[in-house]
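Only one structure is covered here, and it is reproduced in the block below.
The values are calculated or read from the model by the stated rules, or taken from the named source; none is laboratory data. All values reported here derive from a predicted model rather than from experimental measurement. So basically every Cβ, Gly included, is an ideal-geometry build from the backbone, and we count neighbours across all protein chains shown. Protein only, heavy atoms only, side chains kept; ligands, DNA and RNA dropped before computing areas. Shrake-Rupley method; radii C 1.70, N 1.55, O 1.52, S 1.80 Å.
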Amino acid sequence: MRIGILGTGNVGRALASAWALSGHDVVVGSRRPDDEELLSELGELTAAGVRIVGSAEAAAHADVLVNATPGTVSVAVLESIGAPALAGKTLLDVGVGFLEDGTLSHPVVSLGEEIQQAFPETRVVKTLATVDRNVMVAPDSLEGPGTVFLSGEDAEAKKVVRGLVTDLGWPDDALLDLGGIATARGQETFAVLFMGIAEATGSYEFGIRVVLPARGTA
């Protein structure tokens with residue numbers, strides 16, 4: 001599958017590397033694709049066959065476009081590409097926005113919803129927003145199974161995204177479909193609890209698991 005990733009930060013790099021190793025055709029979109037310093041930083045990706053291109057070129061390349069930009073700038077980055085170029089695309093959104101004081105930039109309506117509202121012809125699916133970049137691509141690094149979530153309006157887009165998440169190593173039964181894009185609020189606001197858990201445990205590398213009642217119990 002052709003994957004275009006918007007964002008050259010740690011999350012974008014981790015996902016690009018993992019999907020390239022899985023055999024996907026991956027490009028990473030940047031606002032400065034010809035910057036020699038950036039290209040040097042991304043040397044491991046380019047050595048693995050990942051191309052660094054402009055944001056618009058990444059969108060044009062992609063069957064699935066991945067938003068791995070900071071949530072405070074995500075909509076602006078997508079607007080720079082333009083709604084016509086995003087129409088009909090599946091957009092996998094992993095973004096969470098933080099303000100300078102550490103509070104969420106989207107405390108009421110999620111970034112996922114904001115993107116879907118701004119680009120109604122784009123099929124937005126929120127996922128992987130509840131784990132750090134290392135666990136995203138190495139779920140077997142955890143001592144036990146975790147759960148990741150899907151939020152979005154389009155069933156076919158969710159099916160495609162589910163396949164890409166399983167390509168990262170998540171078993172299919174670890175993916176829980178929460179429903180429409182409004183449920184992305186829960187995924188994003190978990191970031192507050194995530195930071196608390198990280199501080200309490202001294203690690204960002206952990207997962208959460210939805211545990212149901214034992215069979216036969218009331």
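Can you pull the percent of the chain's accessible area that's carbon plus sulfur, 1.4 Å probe, other chains left in place?
So the carbon and sulfur contribution to the accessible surface is 53 percent.
Is there a quick way to get the dipole size of segment 1-139? I mean about its Cα centre, with the Cβ of Lys and Arg at +1 and of Asp and Glu at -1; what is the value in debye to the nearest 20?
For this selection, approximately 400 debye.
Please give the per residue accessible area of segment 150-218, computed with a probe of 1.4 Å over protein heavy atoms only, in Å².
Accessible surface, normalised per residue, equals 59 Å².
Which three extents, in angstrom, do the Cα atoms of segment 48-159 have along their principal axes, listed largest first?
Largest first, segment 48-159 extends 44, 37, 30 Å along its Cα principal axes.
Using only alpha carbon pairs under 8 Å that are at least six residues apart, calculate the relative contact order of the chain and give it in whole percent.
Contact order relative to length: 18 percent.
Taking R0 as 25 Å, what FRET efficiency do you get between S22 and A76 from their Cβ-Cβ distance, rounded to the nearest 0.05?
0.25
Just to confirm, what accessible area per residue do you get for segment 1-127 at 1.4 Å probe, in whole Å²? Present the calculation step by step, with values, prior to reporting the outcome.
Numbers: 5590 Å² over 127 residues.
About 44 Å² of surface per residue is accessible.
Of the residues L128, L176, L99, which exhibits the maximal mean-square fluctuation in a Gaussian network model of the chain defined by a 10 Å Cα contact cut-off?
L99
I need the calculated FRET efficiency for the pair L99 and L39, taking r as the beta carbon distance and R₀ as 41 Å, to the nearest 0.05.
0.85
In nm, to one decimal, how far is the modelled label at I208 from the one at E156, with both set 7 Å along Cα→Cβ?
About 3.2 nm separates the two model spin labels.
Based on DSSP H runs of at least 4 residues, each adding -39500 (n - 2.57), what is the mean residue ellipticity at 222 nm of the chain after dividing by all its residues, to the nearest 500 deg cm²/dmol?
-11000 deg cm²/dmol
Rounded to whole Å, give me the distance from the Cα center of segment 174-218 to that of segment 16-34.
28
So for the chain: antiparallel DSSP bridges make up what percent, rounded to the nearest 5? Intermediate values should be presented prior to the final figure.
Details: 3 of 28 bridges.
The antiparallel fraction comes to roughly 10 percent.
So which aspartates and glutamates can K159 reach, going by Cα to Cα under 15 Å and dropping same-chain residues fewer than 8 places off?
Within reach: D63, D93, D167, D172, D173, D177.
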